[in-house]
1. Assess whether Val187 counts as being modelled with pLDDT under 75 and among the β-branched types (Val, Ile, Thr).
2. Name the single residue, out of those in segment 139-167 being out of contact with any His (no Cβ under 9 Å at 6 or more places or on another chain) and in contact (Cβ under 8 Å) with a residue 40 or more places away in the chain, that is farthest from Leu80 (Cα to Cα).
3. So Ala99 passes all but one of these: (1) exposed (fewer than 15 other Cβ atoms within 10 Å of the Cβ); (2) under 22 Å from Thr77 (Cα atoms); (3) in contact with a helix residue (DSSP H, G or I) (Cβ under 7 Å, 6 or more places away or on another chain); (4) hydrophobic (A, V, I, L, M, F, W, C). Which condition number does it fail?
4. Quickly run through segment 136-154 and pick out the residues that are of a type in the set (A, V, I, L, M) and not in a loop (DSSP other than H, G, I, E, B).
5. Exposed (fewer than 15 other Cβ atoms within 10 Å of the Cβ), in a helix (DSSP H, G or I) and at pLDDT 90 or above - does that describe any residue in segment 72-87?
6. Within segment 93-131, can you find the residues that are assigned to a loop (DSSP other than H, G, I, E, B), polar (S, T, N, Q) and more than 17 Å from Ala149 (Cα to Cα)?
Amino acid sequence: MDGVTKKATEARLLRWRKAFASVLAASRRDADLTQSQVAEAMGWARNTVTKIEGGSRSLAVEELMEYTRDGERMTLTLALSYGGRQDIVEAARSLAVRARAGLVLPEEIDETFFHKQMTTHTLPDVDLLIRTGGETRVSDFLLFESAYAELVFLPIMWPDFRPDTLTAAVADFANKERRFGKTSEQVQMTQAAFDPVDRAAGSAAE
């Protein structure tokens, strides 16, 4: 990575520091979060806001939330006893109960309305999903939210994940063309239709 690319990537990381990050700490198939995992999360989440989605909270997790509650750099979510499929099923069940009671009409249900029923409703869609451990699957993690996420699979284990690793992943993400179901030509046409630099130059000329 050359110096210019590295500086541009670091600038993106600075903007992301007030964004969101979710970590699958323990899935529905895993055991309770261990003390060592919580200790590692404390070091990684220093000066951040933390929250928990799903599952019960142990004393160690409560201490972690208290330790980072005044953080402002980003929101870190620890997914405890979490499963993407189960979250979707429970959201669908909730809507079915409400529809049977006449509280919601079928035509009112769209992606946004459905997401509001999920445990992740306060989180934005995933832009970049990084999977460590040499596995090339998402393992039931944020299935609904990562529909248009860029996926990065790394051969290293999580304890070996370093800041440079994240920088490289973000650099790779920056080179992707985000189409969201459109063709490359449609994306380019949209970008050409709104060019803030050209508009600013036009305003200055007037």
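1. Numbers: modelled with pLDDT under 75: yes; among the β-branched types (Val, Ile, Thr): yes.
For Val187, the condition - modelled with pLDDT under 75 and among the β-branched types (Val, Ile, Thr) - is met.
2. Thr167
3. (2)
4. Those that are of a type in the set (A, V, I, L, M) and not in a loop (DSSP other than H, G, I, E, B): Leu151, Val152.
5. For segment 72-87, residues exposed (fewer than 15 other Cβ atoms within 10 Å of the Cβ), in a helix (DSSP H, G or I) and at pLDDT 90 or above: present.
6. Gln117, Thr119, Thr122
The values are calculated or read from the model by the stated rules, or taken from the named source; none is laboratory data. For clarity, every value in this text was computed on a predicted model and none was experimentally measured. Here the Cβ is made from the backbone with ideal geometry for all residues, glycine too, and neighbour counts use every protein chain on show.
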